[in-house]
Amino acid sequence: MDLTSSLELFPEFVVTQLLFKDVKNCAELRKMAIEGKIAGALINPSMVLDPFQTVLAANKAVHVQKIGKMKTRSLYSEIIFNLSPTNNISEAFKRFGISDNDHAVLIVLVHNKEDANNKDDLLSKVDGQQIPADQISTLSDLAKIKKLYKVAPQEEKCGSILDAVICRMAAKDVI
């Protein structure tokens, strides 16, 4: 059900993604995350096309944490920030974080390969149905994603929407 990926640049780290639908307690989960009681990034899955997006965001978050250049306060908030095509932190949380009235959540955990992650603890906190994380596209809002990342129709003719999204995520620091 969950999806686990090693980070290419940091092979000692693993990213675990847990996807839930029909979630009844997003407000409570959001509050716990803000209070630091959940060690994970709580992401609105409607704004994510593919699990690769979150792996890329996590990889970048670990990198900036290691070099001391984080723009947010924690690794998990940095993951949410890195999903955004802009450098506006509050906008990134608004678009990619969960809100109180959401009914789905993607939880992203980053942990050492050797360490056991806190997955079981998290599973007990979510009042919803876990589905395979690689089915995230079933919860994606393609129109919102294309609008946010400004994907032009011409772009779709020469590459995928995912390619356009990944390109904007990667390029936001240099544009």
What residue among Phe52, Phe20, Val64 has its Cα farthest toward the positive end of the dipole of segment 19-70, where the charges are +1 on Lys, Arg and -1 on Asp, Glu, each on the Cβ?
Val64
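Which trypsin sites (Lys or Arg not before Pro) in segment 45-93 sit in a loop by DSSP (not H, G, I, E or B) and have at most 12 other Cβ atoms within 10 Å of their own Cβ? The partial results should precede the final answer.
On the way: sites: Lys60, Lys66, Lys69, Lys71, Arg73; in loops: Lys69, Lys71, Arg73.
Within segment 45-93, the qualifying trypsin sites (Lys or Arg not before Pro) (loop, at most 12 other Cβ atoms within 10 Å) are Lys69, Arg73.
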Ala171/Asp115 FRET efficiency (R0 41 Å; Cβ-Cβ; nearest 0.05)
0.80
Heavy-atom surface of the chain, accessible at 1.4 Å and reported per residue (Å²)
52 Å²
Output the direction-averaged projected area (hull surface divided by four) of the convex hull of the alpha-carbon atoms of the chain, in nm².
9.8 nm²
Divide by every residue of the chain the summed helix terms, -39500 (n - 2.57) for each DSSP H run of at least 4, and state the resulting mean residue ellipticity at 222 nm, rounded to the nearest 500 deg cm²/dmol.
-12000 deg cm²/dmol
Using a 1.4 Å probe on heavy atoms of the protein chains only, the accessible area for Thr4 in Å², nearest 10, reads 80 Å²
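I need the shape label for segment 35-94. Rule: rounded when a/c is under 1.5, else prolate if a/b > b/c, else oblate, with a, b, c from the alpha carbon gyration tensor.
Rounded, because the longest to shortest axis ratio a/c is under 1.5.
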Segment 1-73, Rg to Rh (Cα coordinates; Rh as Kirkwood inverse mean 1/r)
0.97
Qualifying aspartates and glutamates (Cα of each under 14 Å from Cα of Lys146; at least 8 residues distant if same chain)
Asp50, Glu155, Glu156, Asp163
May I ask you to evaluate 6.51 cos²θ - 1.76 cosθ + 1.60, the Karplus curve with θ = phi - 60°, for each residue of segment 98-109 and list the ³J(HN,Hα) values in order in whole Hz, giving x for glycine and proline?
7, 10, 4, 9, 6, 10, 8, 8, 10, 9, 10, 10
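In percent, how large is the relative contact order of the chain, given Cα pairs closer than 8 Å and 6 or more residues apart?
Details: 290 pairs, mean separation 61.5, N = 175.
Across the chain, relative contact order equals 35 percent.
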Rounded Å value of the spacing that divides the Cα centres of segment 34-63 and segment 125-175
13 Å
In a Gaussian network model of the chain with springs linking alpha carbons closer than 10 Å, the residue among Ile67, Ile79, Ile161 that fluctuates most is Ile67
At a Förster radius of 41 Å, what calculated FRET efficiency corresponds to the Cβ-Cβ distance of Cys158 and Ser99, to the nearest 0.05?
0.75
Which aspartates and glutamates have a Cα lying under 14 Å from the Cα of Lys24, excluding residues fewer than 8 positions away in the same chain?
Asp100, Asp102, Asp127
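For the pair Ile89 and Glu28, what calculated FRET efficiency results from E = 1/(1 + (r/R0)^6), where r is the Cβ-Cβ distance and R0 = 35 Å, to the nearest 0.05? List each step's numbers first, then the result.
Working: r = 24 Å, r/R0 = 0.67.
Step by step, r from the Cβ atoms, then E = 0.90.
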Whose amide H sits under 5 Å from the amide H of Lys71, counting only residues 5 or more places off or on another chain, with H placed in the peptide plane?
none
Where the accessible area of the chain is counted over protein heavy atoms with a 1.4 Å probe, how much of it, in %, is carbon and sulfur?
53 percent
Long-range HN-HN contacts of Val151 with modeled amide H, under 5 Å
none
Amide H contacts under 5 Å for Gly97, restricted to residues at least 5 apart in sequence or on another chain and with H modeled in the peptide plane, are Asn44
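The values are calculated or read from the model by the stated rules, or taken from the named source; none is laboratory data. None of the values given here were measured: they were computed from a predicted structure. Neighbour counts are summed over all protein chains in view; Cβ atoms, including those assigned to glycine, are modelled from backbone coordinates with ideal geometry. These accessible areas exclude ligands, DNA and RNA; they are computed on the full protein's heavy atoms, side chains included. Shrake-Rupley method; radii C 1.70, N 1.55, O 1.52, S 1.80 Å.
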